[in-house]
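Take a look at the structure set out below.
Derivation of every value follows stated rules applied to the coordinates shown; laboratory data play no part. Quantities reported herein were computed from a predicted structural model and do not represent experimental measurements. Backbone-built Cβ (ideal geometry, glycine too); neighbour counts: all protein chains shown.
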Amino acid sequence: MSISREDIEKVAVLARIKVDDEQVSALEKDLGNILDLVDQLSAADTEAVEPMAHPLDAVQRLRADEVTETNQREAFQAIAPATEDGLYLVPKVIE
Amino acid sequence: MHNKSVAELSKELESGKISSVELTQQFLDRLKSEDGKYNSFITISEEQALAEAKAADAMRAAGKATAWTGVPFAHKDIFCTNGVRTTCGSKMLENFVPPYDATVTANFKAAGAVCLGKTNMDEFAMGSSNESSFFGAVTNPWGDKRVPGGSSGGSAAAVAARLVPAATGTDTGGSIRQPAALCGITGLKPTYGRVSRYGMIAFASSLDQGGPMTRTAEDAALMMNVMAGFDPKDSTCIDREVPDYTATLNEPLKGLKIGLPKEYFSEQLSPAMEEQVRNAVREYEKLGATVKEVSLPNAKLAIAAYYVIAPAEASANLSRFDGARYGYRCDNPKDLMDMYTRTRAEGFGNEVKRRILVGSYALSAGYFDAYYLKAQKVRRLIQQDFINAFKEVDVMMSPVSPSPAFVQGEKTTDPVTMYLEDVFTIAINLAGIPAISVPAGFVDGLPVGLQIIGDYFSEARLLNAAHQFQQVTDWHQREPQ
């Protein structure tokens, strides 16, 4: 199965990855090959088969609603690209 | 000392013949002088290692030593280490110093083990040759210009080159077993949920599993004793008793029922590789095992199912790398969207980007049922094959990889060529069962691995089978020149 340039550009926006024109051409070929490989799945008869999410069919564990961690804001912000007054700095969001 | 196993080093330390500080310094000196040839380490944490060694000697003096106290080892650079840079092989995390320890890291610290540093790996564990690392390819100690396999290629090369006696690895589609096979060492992928994933940087959360990489099965058992166990911080970890994996290593194999999946002895396997694997199986027959053919009819669909499920989960997991809270951020972003898209374009390598894009595509509106849901259904069919086969046999045996270590650059042109490298390992991750790679011979001077596949939570049996094989063969003791 092939994937179009438009599809690649659309999915790159969804994935928040900037791709230039040259990369789109390379991706067209590589992703096309990967989707060809994946297309083998369509031949499998999966009528009445339950999708499998966890190998042991375990379900999400719940825990008591208690505070178990201490605040580590300083340690976490020490490794951030940009912070000020205990806040994370990002480019202006609202014009 | 560098040729000794974990079990042997443990005895040396116990006898008082050498202190951990002395032993650690010897290993560090050797590591610094030798690793230029292999590039198997991304970070050598000398200062922390010597501090841990000093603490280990004090622990021993206080009578609190474990089998690991004072023994040097290394972590794959995917396990978070408090205060020591953890890169996951990516530019995105080039300067990331975690403020916390992975549970696996904490377990080794509690046992008094000495971590010498962080080993090289394919970026975000995506690869089978260690060529996708931002920190450069790793060279296989068995052959100039040969890949060590991946993604745990740095760990495999470091253990094979005797730079460390043991290292941690992770396995999402073969990333412990394939490099172990290509470097001639022992590597175990445990049952999904056996080892905590907390603090292990996520690739595909329903498949990722940490495990041991060592020269001997006995050392792998010693590592499992530290790594395995329930962790409330990992929501998919299984709460189940952990046996002493060393206790059953010497059980006789008489009567062991071995199945050979016919689909894994196909035309993809070179005749020379097949001969080595079949010779290994004959050793088991001499030890009293019986052999029969079994079938995994859906195994042929494993790579296809994997390359939907793994990229889909990766695209979700890697969305956290946004340039806002930690890791790389592009220069001078003009707005928020520009920050996200350029940070991720510049911070991720090509293979990681391809997988994020494939995953995003498979999960996007209109394609979810055809790709992701379909792959999850096929995943259950694959699992059912294994469940059926284990009604007839105790373990299965197969090759680990279709060929021995290939030449760097040989499979990098088309991603699909690289994906086929995992044809014999990937179904095991989809099923969530354990499997071990054991050195079982050589082809053209390059190591060949035997894969032993077990039912859920049969790690002790796999280690027992591997250990017994290593009592009658010496493949695992061969040293690269």
message = Of everything in region B:359-372, what is in a loop (DSSP other than H, G, I, E, B) and either more than 7 Å from chain A (Cβ to nearest Cβ) or in contact with a Phe, Trp or Tyr (Cβ under 7 Å, 6 or more places away or on another chain) (or both)? Give them in sequence order.
response = B:365, B:366, B:367
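Could you list, in sequence order, the residues of region A:64-82 that are more than 7 Å from chain B (Cβ to nearest Cβ) and either loosely packed, with under 15 Cβ neighbours inside 10 Å or of a type in the set (D, E, K, R) (or both)?
A:64, A:65, A:66, A:67, A:68, A:69, A:70, A:71, A:73, A:74, A:78, A:82
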inquiry  = I'd like to check something: does region B:244-257 contain any residue that is within 27 Å of residue A:57 (Cα to Cα), assigned to a loop (DSSP other than H, G, I, E, B) and within 23 Å of the chain's Cα centre (by Cα)?
reply    = yes
query = Of all residues in region A:83-95, which are surrounded by 10 or more Cβ atoms within 10 Å (Cβ to Cβ), more than 10 Å from chain B (Cβ to nearest Cβ) and either part of a loop (DSSP other than H, G, I, E, B) or touching a residue at least 60 places away in the same chain (Cβ under 8 Å) (or both)?
reply = none
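Which one is nearest to residue B:234 (Cα to Cα), of the residues in region A:52-63 that are facing chain B (nearest Cβ under 8 Å) and loosely packed, with under 10 Cβ neighbours inside 10 Å? Quick ask: steps written out before the conclusion?
Of region A:52-63, the ones facing chain B (nearest Cβ under 8 Å) are A:52-56, A:58, A:60-61, A:63.
Still in the list and also loosely packed, with under 10 Cβ neighbours inside 10 Å: A:60, A:63.
Numbers: A:60: 10, A:63: 12 Å.
Only one residue fits best here, namely A:60.
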message = Need the failing condition index for residue B:244 against (1) of a type in the set (D, E, K, R); (2) in contact with a His (Cβ under 9 Å, 6 or more places away or on another chain); (3) surrounded by fewer than 21 Cβ atoms within 10 Å (Cβ to Cβ), just the number.
response = (2)
ask   = Which members of region B:427-453 meet the condition of being surrounded by fewer than 24 Cβ atoms within 10 Å (Cβ to Cβ) and not in a loop (DSSP other than H, G, I, E, B)?
value = B:441, B:442, B:443, B:446
inquiry  = Residues that are facing chain A (nearest Cβ under 9 Å), in contact (Cβ under 8 Å) with a residue 40 or more places away in the chain and not in a loop (DSSP other than H, G, I, E, B): does region B:400-418 have at least one?
reply    = yes
ask   = What residue, of B:407, B:395, B:352, B:400, is touching a Gly at 6+ places or on another chain (Cβ under 6 Å) and either within 30 Å of residue B:139 (Cα to Cα) or of a type in the set (Gly, Ala, Ser) (or both)?
value = B:400
key: helices (runs of 4 or more DSSP H) lying entirely in region B:2-66 (those with 3 or more residues that are in contact (Cβ under 8 Å) with a residue 40 or more places away in the chain and farther than 28 Å from residue B:148 by Cβ)   = B:46-61
query = Does residue B:392 qualify as being surrounded by fewer than 24 Cβ atoms within 10 Å (Cβ to Cβ), touching a strand residue (DSSP E or B) at 6+ places or on another chain (Cβ under 8 Å), away from chain A (no Cβ under 12 Å) and outside any helix (DSSP H, G or I)?
reply = yes
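Given B:368, B:390, which one is touching a residue at least 60 places away in the same chain (Cβ under 8 Å) and either over 23 Å from residue A:53 (Cα atoms) or among the hydrophobic types (A, V, I, L, M, F, W, C) (or both)? Lay out the reasoning, then the answer.
On the way: B:368 fails: touching a residue at least 60 places away in the same chain (Cβ under 8 Å).
When all the criteria are applied, what remains is B:390.
Filter region B:317-353 down to the residues that are aliphatic (A, V, I, L, M), facing chain A (nearest Cβ under 8 Å) and assigned to a helix (DSSP H, G or I), then identify the one that is surrounded by the most Cβ atoms within 10 Å (Cβ to Cβ). Talk me through it step by step, then tell me what you get.
Of region B:317-353, the ones aliphatic (A, V, I, L, M) are B:318, B:324, B:336-337, B:339, B:345, B:352.
Next cut, facing chain A (nearest Cβ under 8 Å) only: B:324, B:336-337, B:339, B:345.
Checking the rest, the ones that are also assigned to a helix (DSSP H, G or I) come to B:336-337, B:339, B:345.
Values: B:336: 16, B:337: 14, B:339: 21, B:345: 17.
Ranking the candidates gives B:339 first.
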task = Evaluate the following for residue A:49: is it more than 7 Å from every other protein chain (Cβ to nearest Cβ), assigned to a loop (DSSP other than H, G, I, E, B) and of a type in the set (Val, Ile, Thr)?
result = no
ask   = When you scan region B:303-316, how many residues do you find that are buried (at least 24 other Cβ atoms within 10 Å of the Cβ) and either in a loop (DSSP other than H, G, I, E, B) or more than 10 Å from chain A (Cβ to nearest Cβ) (or both)?
value = 3
request  = State yes or no: is residue B:356 within 12 Å of another protein chain (Cβ to nearest Cβ), of a type outside the set (Asp, Glu) and touching a residue at least 60 places away in the same chain (Cβ under 8 Å)?
outcome  = no
